[in-house]
Amino acid sequence: MASLRVIARNFTEKVLKMNQWALVTGATAGIGESFTRLLASQRYNIVLVARDENRLLERAFHLREKYGVETRVIRADLSTADGMTEVETFLHENKVDVLINNAGFGLNKAFTHSDIHDETAMLDVLVKAPMRFTHIVLPQMKARNSGTVINVSSVAGFIAGGTYSASKSYLTVFSESLHTELRGTNVHVTALCPGFTRTEFHERGKMKMTGLPNFAWLSADQLVADAWRDSQDGCAVSVPGRLYKALLILIRILPRSIVRRVGMGIRKKQR
């Protein structure tokens, strides 16, 4: 009898989730792509947001075929006003149960040598877009008393490595403050702070990573699974991997002057 109740409950949860939607930015590769598969496997319908329309359509087709979920695609460059507005319009007009703010990129030039347009574009994608999208969905989630927002930050936010680190620091603190604000509700806000992860991120940013040992690399699928579990358990910050958990402890212990030098040293090695 008890087993029948469990089966009935699981069936009911699956039916309910078939009407739930997750929106993932930067959904065609790396951490974002891993999130689309994990959420689809849990019966969430998926809205994929990225710049490459061909890859969007390919990934959407794969999710429909493998997991039997519904998909929608939004081709949008989040460094532009039009791209941001495209996603905002969708969020205003549709119910989203899970928001994954993952889109991002890095620069391999020091601030004094970088292009200000590139710096501004990075802030738009890493800071402005997640803030604006979250500002739309949270009131809706609060009204339903359910929902999840995961902001993909980085352990780089705990060091001093240029405007990328500064942007990720914003995302982490932003998520922590929202987590506290929503305490006592069933709305979860979590900052995911991974370390070096095997994705296209470093290649796109033209960063040299050949000297990094294998043990320092994380698996996107594993860290996404860990982050989802942490978010549903009510964690404000998720730091995947024992190495990076230990590194975070060390960062908090060391004098800030040393942390600054190490952070900038890592930046120079990537150029």
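Every read-out reported here was derived from the displayed coordinates using simple, explicitly stated rules and does not represent laboratory data. Being a predicted model, the structure only gives us computed values, none of them experimental. Note that each Cβ is placed from the backbone with ideal geometry, even for glycine, and that neighbours are counted across all protein chains shown.
Which order do His135, His113 fall in if you start with the one that has the fewest other Cβ atoms within 10 Å?
Exposure proxy ranking, most exposed first: His113, His135.
Sort the following peptides by mean Cβ neighbour count (other Cβ atoms within 10 Å, averaged over residues), highest first: 145-156, 91-102.
145-156, 91-102
Quick one: which residues, 5+ away or cross-chain, put their amide H under 5 Å from the amide H of Leu192? H built at 1.01 Å from N.
Sorted by chain and number, the residues that satisfy this are Asn151, Val152, Ser153, Ser238.
Can you put Ile31, Ile116 in order of Cβ neighbours within 10 angstrom, beginning with the fewest?
Arranged by neighbour count, lowest to highest, Ile31, Ile116 become Ile116, Ile31.
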